[in-house]
Structure formats: C-alpha cells, structure tokens
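Beneath this line is the structure, given in structure tokens, with notes to follow.
The values are calculated or read from the model by the stated rules, or taken from the named source; none is laboratory data. Bear in mind that the values here come from a model prediction, so they are computed numbers and not experimental data. Cβ coordinates were reconstructed from backbone atoms using ideal geometry, including for glycine residues, and neighbour counts include every protein chain displayed. Areas reflect the complete protein model, heavy atoms only, side chains present, ligands, DNA and RNA absent. Shrake-Rupley method; radii C 1.70, N 1.55, O 1.52, S 1.80 Å.
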Amino acid sequence: MKRTAQTLLIFSFTFALAIAPAGGDALKVLTINVWSGLDYKGIFRSGDYETPDRREARFRSLVTQVKELSPDVIFVQEANPVDRYAARLASALGMDEVHQVVNGGKRIRSWGIPVNLKEGLVILARPDLSLTKVDAWKLSGTWGIHTDFITFHHTEAVIILAARIRSDQEDIFLVNVHLAASPLMPEDLDGFRKKVLAETTMSDDQFRKALKKWRKREQRRFREMEKLLGRLQELPSGAPLIVAGDFNDGPGSRVIQTFMERGGFTEVLAETPEEESCTWDPARNANTAFSSSVTDARGKAREGYELLASLVSEKCRRLDYIFMLNLLPARDPGDGRIVMTDISDGIMTSDHFGVYGEVSLSRQE
C-alpha cells in the first residue's frame, strides 16, 4: 500500500512536470484601456461624460477585478491624469509603475489647459520584476513636449511606452501601444451614404469631406504601425518582447495582419474567432454608448467625421491585443481570454474589456 502511494506520488509529479510550461514559470499579462471618460473637445476643459463619483466607482471596480486576476504585468491606456492615476493604481495593487504623458495640452505639472486632460499610458509590474522605463516613442502628431513637468502640443499625439523587466537574469521588453482611433468602415459604403443623407442634415459634400478624414485616420494608423515596427528594431536583437494595448483595429485588418507578419508576433487570442473576442462590445457594455451618441459630452450635435463615426460605433469589435516575440504562450495560442466584463455596483469598469494571457518565461527556440 505504501509502495502504491509512492508510485502515485512519483507519477503525479512527473505528469505535472510534463504539462508545465518549459522553463517552469509563466508571466500573467493583462491589457486594459481604462477610458478617460472625456470627449477631447474644448480649449479650456475637455467635455466630461461622467461625474467624479462615477469615475471613482469605475476605479474601484478596476482595482477589484485586477486583484481577482492577479496579473504580473499590466498595460493601461487612457489613464487620466496619468501621473496620479499610475501612482494610485500601483499603490492599490502593490506594484511598481512607469508611465508616459501622451495628450495633455499646455500645462506645467497639474496647471494648464485643458484643465482636466493629462492622459497617457502606464505599465505596472510586480516589484520583484525590477520594472524600468526604457523610452517613449512618438508615432504621430506635430512637435511637442510630453513630460510630467511640462506638456505642450497643439494636435492629438500617439506615443508608445517602452519598458523592461528582469526575470531569470534576462531582460524582457514591454511596449504599451494606443494607436489612433477610427471605427470600422461599412462594407456597403454607398448604402451607408444614402442612409446618412436621408436621416441626418449632412449634405453629400459634407459626407465626402467626412469620408476623406475617415480614410486619413485609417492611413494614419497604418503609418503608426509601420513606425512602431521600426522602433521595435531598436531593441536588442532576439530579446524577449511583449507588445500590448489598444491597436484600434480588428484581427483581419491590414494593420494587425501586417504587424504580425512583418514582426513575426504570436498573439494570445490568435485562435479565437473575432466575434467571440470583442473588447468593444455595445451589446454588453453600456459605456460604449457615449461614443455612439450623436452628441458630445456637452450635448452639442456631432458633425462631419465625428457624426459618421458615432453612427457606426455599435458593432462588436476586437481592438485590444497581447503580442509576443521570442517568447511562447504558457499554453496553446488562443488560451488567453477576454476579461473585465463584469458589472460592479451597477457600473462597467471601462468602455473596453481587457485581454488576459499567460506567457512562458522559457525562450522560444
């Protein structure tokens, strides 16, 4: 009987080793666009869709759900104000953080205009991973200064944040991405045009101008992706790399397909059908309604491109990703999952859902 128990114990231990990820450890990774709650309109103050109490409730919901997932590394987009948000979130989770101001207008520290805008990116990691900021790379937008102390720029900026962690005496690089947004263009564009002209006050000439801006934003996002691939080449050759965040485009899009093919990336939800992996889901997430409204945060009617964008924002879409290079998934590709989908105290954490995956710390052969 004793020998049988020993045999079972040895078998169980051997089986556990066989199914464990090579290298024995996995890194739990989460990316979430936490939603600034702003419409980014206004010189002195951006339009705000929510009260301070509602924003505080969303933050508490975020902390609760992140603690349940217990990730080792977190990529956050649209944190606002990014310096205070990052510090508070890191404190609540017991993690280290690095951050980068992206869009803040004109300000010195917390003083400036728009008074309520200092939005940016955050990367958080367990303290034992020795998180360090590497760089911030501007992918689009006119010249500007984007620091905690001084922010000065005139146009929307897209900046990515690069950092590194240390595991088993090896650096793993982390890159947080938030590309320029535009909704998916309808397949039946002529039918969409006719519907817009019949149901709104938009003229045919206004529609053409709005459509031109829409296409420019799609082209801008593709150029940002190309620049991102170029900047990633500056990292040490062969280094383990995780690129995550809000790419604002679907898995079958030119942006995502080109990024994966040229970069050689694996994605944690690669085998999951897009309709089952939506991170922008109007049917389940009431916060998306602010983007599909035909009025902005002040109740002013949207016009031009902004109006067209609001009319097509009700489609379930995948926008957020975790990509890996020179690393392997801890399980099979597709074993990642959509998270942060719960309603807490009657409120959704963000207008996006998050993406969670586990990455093996063993090197890809």
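Within the stretch 288-328, can you find the residues that are of a type in the set (Ser, Thr, Tyr) and in contact with a Pro (Cβ under 6 Å, 6 or more places away or on another chain)?
Within the stretch 288-328, Thr288, Ser313 meet the criteria.
Given the options Glu218, Glu234, Glu226, name the one that is part of a helix (DSSP H, G or I) and either open to solvent by less than 20 Å² (accessible area, probe 1.4 Å) or farther than 27 Å from Ser350 by Cβ (or both).
Glu226
Search the stretch 159-169 for residues being without any contact (Cβ under 8 Å) to a residue 60 or more places away in the chain and out of contact with any helix residue (DSSP H, G or I) (no Cβ under 8 Å at 6 or more places or on another chain), and hand back the single one that is least open to solvent (accessible area, probe 1.4 Å).
Among those that are without any contact (Cβ under 8 Å) to a residue 60 or more places away in the chain and out of contact with any helix residue (DSSP H, G or I) (no Cβ under 8 Å at 6 or more places or on another chain), it is Ile159.
I need a count of the residues in the stretch 146-165 that are touching a strand residue (DSSP E or B) at 6+ places or on another chain (Cβ under 8 Å) and modelled with pLDDT under 95.
Adding up the residues that qualify gives 0.
How many of the residues making up the stretch 145-155 are in a loop (DSSP other than H, G, I, E, B) and either within 22 Å of the chain's Cα centre (by Cα) or crowded, with 19+ Cβ neighbours inside 10 Å (or both)?
Number of matching residues: 4.
Return the residues of the stretch 117-133 that are on the phi < 0 side of the Ramachandran plot, open to solvent by 50 Å² or more (accessible area, probe 1.4 Å) and either in a strand (DSSP E or B) or in contact (Cβ under 8 Å) with a residue 24 or more places away in the chain (or both); say none if nothing qualifies.
Arg126, Pro127, Thr132, Lys133
Which residue pairs have Cβ atoms under 9 Å apart, sit 6 or more places apart or on different chains, and have a first residue in the stretch 184-201 that is modelled with pLDDT of 95 or more and a second that is polar (S, T, N, Q) and surrounded by fewer than 13 Cβ atoms within 10 Å (Cβ to Cβ)?
As it stands, the answer is Leu197/Ser203, since those pairs meet every condition given.
Please give the strands (runs of 3 or more DSSP E) falling wholly within the stretch 239-350 in which 2 or more residues are crowded, with 20+ Cβ neighbours inside 10 Å.
Strands (runs of 3 or more DSSP E) meeting the threshold: 241-246, 320-325, 327-329.
Looking at the stretch 122-158 only, could you name the residues that are under 25 Å from Ala297 (Cα atoms) and out of contact with any helix residue (DSSP H, G or I) (no Cβ under 7 Å at 6 or more places or on another chain)?
Selection gives Gly141, Thr151, Phe152, His153, His154, Thr155, Glu156, Ala157.
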